[in-house]
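Below is one structure, written out as structure tokens; comments come after it.
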Amino acid sequence: MAALPHARCTCGRRGTLAAADLAGTLPRVSSEPIFDARATSLPVLRYLVAVAEHRHFGRAAEAAHISQPTLSALIGQWEKRMKCQVFERDAHGVRTTPAGERVVLAARQALDAIRAMEAAASEAKPPFFGAVRFGVIPTVGPYALPFVTRALEKAFPGLELPIREGTTADLIAALDSGRIDVAMLALTAGMAERFAVEVLYDEPFVVALPRGHRLAEGKAVAPADLAHERLLLLDEGHCLRDQALALCGHRAGQSAGADYRATSLETLRLIVASGAGVTILPALAVGDDDRRLVLRPFAGEPAFRTIVLLWRRHDSRAAAYPLLAGPIRKQLPRGQVQAR
């Protein structure tokens, strides 16, 4: 290929053309911008680097799996369009011009950046890579998160799990607004209509009594037995409060300790141990070493809550979120909850 007429090319930082410098050295032939991003395709970047490395158009074309005439024509067109001679061709071979050295360096950097981008995209393939913003209710978090985080970190090494704790209403609002991706909470009416749901486990309820309480003499407690007890509950907004009232009936709600509403299950345990009343606890919140309380199951039909994962149906990773459930189920404490 015949050598192009030499045109001085001054390149700016990072391999971009400095238009102000070119303006003083080249005649203005048109009103078109000197740099046109459409001229620099990914193949052109590769061909520029290949010719610089092989110092031979034929060998560069062979390495690039393209014919030599096509490669020569594409590079020649690029040089002409950019008004910058990258290579000098003569009988002794191909040499890179001083300006061309900077162009080739910029081409290498661009290709490196593209490879890094492709690697990042490859690593981000499903099921999970990066952050899954995880919400949990306070009556689940302290007792379930240790095995949940352990299970998910082992199953998905690339997963980051920022945790947000809040009431059911808080987490539903956070899901709706996109502030969290997945919520772990107790299933209540209407959730399945609004969100995608994956059931994790059923968690039995137990009655917590102070030592010496009359109901501690039996092996189980019927919901009706609590009708006239001072039932200590969590504050408004906690779904466990609503579930306890529904379980024990309206009369228990009338007898509930209106003068005391706890913000955590641990506080409820302490107050019950002092003899101030009774409460209902989920199974995972029951400590094996708590000698201050007497724990009894409910008589009759099993009393439990269903713990689920919840996410937006149209989330970009909605198809992958069910995969979180399997590792969690495998780590469930045996005998305390029933995996689903």
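The values are calculated or read from the model by the stated rules, or taken from the named source; none is laboratory data. Note that the structure is a prediction, hence the values are computed from the model and not measured. Glycine gets a Cβ as well: all are built from the backbone with ideal geometry, and neighbour counts include every protein chain shown.
Points worth noting:
- Evaluated against (1) modelled with pLDDT of 85 or more; (2) closer than 19 Å to Pro142 by Cα; (3) assigned to a loop (DSSP other than H, G, I, E, B), Asp288 falls short on exactly one condition, (1).
- Take the conditions (1) assigned by TED's automatic domain parsing to the domain that holds Ala285; (2) surrounded by fewer than 16 Cβ atoms within 10 Å (Cβ to Cβ); (3) free of Cβ contacts under 8 Å to residues at least 60 places away in the same chain; Glu101 misses just one of them, which is (1).
- Subset of region 184-200 [under 18 Å from Ala303 (Cβ atoms) and surrounded by fewer than 20 Cβ atoms within 10 Å (Cβ to Cβ)]: Leu187, Thr188, Ala189, Val199
- Looking only at region 50-77, and only at residues there that are surrounded by 16 or more Cβ atoms within 10 Å (Cβ to Cβ) and of a type in the set (S, T, N, Q), the one that is farthest from Thr97 (Cα to Cα): Gln68
- The set of residues in region 268-282 being under 10 Å from Val206 (Cβ atoms) and either surrounded by fewer than 17 Cβ atoms within 10 Å (Cβ to Cβ) or among the β-branched types (Val, Ile, Thr) (or both) consists of Thr279, Ile280.
- For region 156-183, the candidate set comprises residues that are hydroxyl-bearing (Ser, Thr, Tyr) and surrounded by fewer than 21 Cβ atoms within 10 Å (Cβ to Cβ); within that set, the residue that is farthest from the chain's Cα centre (by Cα) is Thr167.
Residues are listed down the side, and each one gets a yes or a no for (1) over 42 Å from the mean Cα position of the chain (by Cα); (2) modelled with pLDDT under 85; (3) β-branched (Val, Ile, Thr):
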{"site": "Glu198", "(1), (2), (3)": "no, no, no"}
{"site": "Val206", "(1), (2), (3)": "no, no, yes"}
{"site": "Leu209", "(1), (2), (3)": "no, no, no"}
{"site": "Lys219", "(1), (2), (3)": "yes, no, no"}
{"site": "His228", "(1), (2), (3)": "yes, yes, no"}
{"site": "Gln243", "(1), (2), (3)": "no, yes, no"}
{"site": "Leu247", "(1), (2), (3)": "no, yes, no"}
{"site": "Arg251", "(1), (2), (3)": "yes, yes, no"}
{"site": "Asp259", "(1), (2), (3)": "no, yes, no"}
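- Scanning region 295-330 for residues being assigned to a strand (DSSP E or B) and surrounded by fewer than 19 Cβ atoms within 10 Å (Cβ to Cβ) gives a total of 3.
- With respect to being crowded, with 16+ Cβ neighbours inside 10 Å, touching a residue at least 60 places away in the same chain (Cβ under 8 Å) and either hydroxyl-bearing (Ser, Thr, Tyr) or under 22 Å from Arg211 (Cβ atoms) (or both), Ala285 fits the description.
- The listed residues are Thr149, Thr139, and the only one of them that is assigned to a loop (DSSP other than H, G, I, E, B) and of a type in the set (Ser, Thr, Tyr) turns out to be Thr139.
- Within the set Phe134, Phe129, the sole residue that is hydrophobic (A, V, I, L, M, F, W, C) and modelled with pLDDT under 90 turns out to be Phe129.
- Any hit, region 315-338, residues being at positive phi and either at pLDDT 90 or above or not basic (Lys, Arg) (or both): yes
- Residues satisfying the stated conditions in region 80-103, i.e. part of a helix (DSSP H, G or I) and farther than 15 Å from Pro43 by Cβ: Lys80, Met82, Pro98, Ala99, Gly100, Glu101, Arg102, Val103
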